[in-house]
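**Q** Submitted below is the structure of interest, expressed as structure tokens.
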Amino acid sequence: MKEKIFTAGLLTLSLFSFGGGGEIPSTIEVVSSAFDNGEFIPEIYTCDGEDISPDLKWSGYPSNTESFVLIMDDPDAPIGTFTHWVVYDIPKNVNAFPENFPKVPEVDGIKQGITDFRRVGYGGPCPPPGKPHRYFIKVFALDIPSLGLPAGATRSQVESKMKGQVLSKGHLMGLYGR
């Protein structure tokens, strides 16, 4: 009985989080030439290195995708999930970012939000000493071309505007520890 209640709770959370009619399919494949899923993120992409973003590419999204959102976070942070990167209004014809994506509010209409570092743009892994943390780079395919937010929005503002608009999702997970 407890299992059924837990499953129903997850479904309710899923519906509430995105306002959809069920589970969001995970069809998007997110890859980088810098590291494979589940592997360690090279130091150059961390606060111990150059703190630049890795190259990224995504595929397998629905043909009716109108835009993408990218969110990178660390669910293992001592203070709770820590947001490292928020990018939105990524046009449907853009399915890759080069290494060292500019840390500016807007690049060719692609907007970046404020991270938990309290700045715009990518902020690499920077965990406290101890067990390696997991870093998820999540890509969401949306059925709208724009969230209608200015550059510099917060993650919660972006997620609020995403509700009911997510067609598919995917992620790349990397590890980093000190």
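**Q** Within the stretch 42-66, count every residue that is surrounded by fewer than 22 Cβ atoms within 10 Å (Cβ to Cβ) and either touching a His at 6+ places or on another chain (Cβ under 9 Å) or part of a strand (DSSP E or B) (or both).
**A** Residues meeting the conditions: 2.
**Q** Let me ask another. Can you find even one residue in the stretch 63-72 that is of a type outside the set (D, E) and in contact with a Cys (Cβ under 9 Å, 6 or more places away or on another chain)?
**A** No, the stretch 63-72 contains no residue that is of a type outside the set (D, E) and in contact with a Cys (Cβ under 9 Å, 6 or more places away or on another chain).
**Q** Which residue, of F117, F97, is in contact with a Pro (Cβ under 9 Å, 6 or more places away or on another chain) and of a type outside the set (D, E)?
**A** Result of the check over F117, F97: F97.
**Q** Condition check: of a type in the set (S, T, Y), more than 15 Å from the chain's Cα centre (by Cα) and closer than 20 Å to F97 by Cα. Does S146 satisfy that?
**A** Answer is yes for this residue.
**Q** Still on this model: Among the residues of the stretch 40-59, write down those that are among the small types (G, A, S) and more than 16 Å from the chain's Cα centre (by Cα).
**A** G49
**Q** Do we have any residue at all in the stretch 158-173 that's within 23 Å of S33 (Cβ to Cβ), within 11 Å of the chain's Cα centre (by Cα) and either among the small types (G, A, S) or part of a loop (DSSP other than H, G, I, E, B) (or both)?
**A** Checked the stretch 158-173: at least one residue is within 23 Å of S33 (Cβ to Cβ), within 11 Å of the chain's Cα centre (by Cα) and either among the small types (G, A, S) or part of a loop (DSSP other than H, G, I, E, B) (or both).
**Q** Next up: Just wondering, is there one or more residues in the stretch 82-95 that are within 18 Å of G164 (Cα to Cα), surrounded by fewer than 20 Cβ atoms within 10 Å (Cβ to Cβ) and of a type in the set (K, R)?
**A** yes
**Q** While we're looking at this one, here's another question. Looking at the stretch 129-145, which of its residues are small (G, A, S) and surrounded by fewer than 18 Cβ atoms within 10 Å (Cβ to Cβ)?
**A** G130, the sole residue that qualifies.
**Q** I've got another one for you. Just checking, does the stretch 115-128 include any residue being more than 16 Å from the chain's Cα centre (by Cα), over 17 Å from Q157 (Cβ atoms), at pLDDT 95 or above and surrounded by fewer than 19 Cβ atoms within 10 Å (Cβ to Cβ)?
**A** Yes, there is a match, as at least one residue in the stretch 115-128 is more than 16 Å from the chain's Cα centre (by Cα), over 17 Å from Q157 (Cβ atoms), at pLDDT 95 or above and surrounded by fewer than 19 Cβ atoms within 10 Å (Cβ to Cβ).
**Q** Another question about this same structure. Output the residues belonging to the stretch 1-39 that are at pLDDT 95 or above and surrounded by 15 or more Cβ atoms within 10 Å (Cβ to Cβ).
**A** I28, E29, V30, V31, S32, A34, F35
**Q** Further question on the same structure: List pairs: first in the stretch 119-148 and free of Cβ contacts under 8 Å to residues at least 40 places away in the same chain and over 21 Å from S168 (Cβ atoms), second of a type in the set (F, W, Y) and surrounded by 18 or more Cβ atoms within 10 Å (Cβ to Cβ), Cβ under 6 Å, 6+ apart or cross-chain?
**A** Close Cβ pairs (under 6 Å, with a partner that is of a type in the set (F, W, Y) and surrounded by 18 or more Cβ atoms within 10 Å (Cβ to Cβ)) do not exist here.
**Q** Would you confirm whether or not the stretch 156-175 contains a residue that is touching a Gly at 6+ places or on another chain (Cβ under 9 Å), closer than 20 Å to P42 by Cβ and surrounded by fewer than 22 Cβ atoms within 10 Å (Cβ to Cβ)?
**A** Taking every residue of the stretch 156-175 in turn, at least one turns out to be touching a Gly at 6+ places or on another chain (Cβ under 9 Å), closer than 20 Å to P42 by Cβ and surrounded by fewer than 22 Cβ atoms within 10 Å (Cβ to Cβ).
The values are calculated or read from the model by the stated rules, or taken from the named source; none is laboratory data. Here the structure is a predicted model, which is why all the values come from computation and not from measurement. Virtual Cβ from ideal backbone geometry, glycine too; neighbours counted across all protein chains shown.
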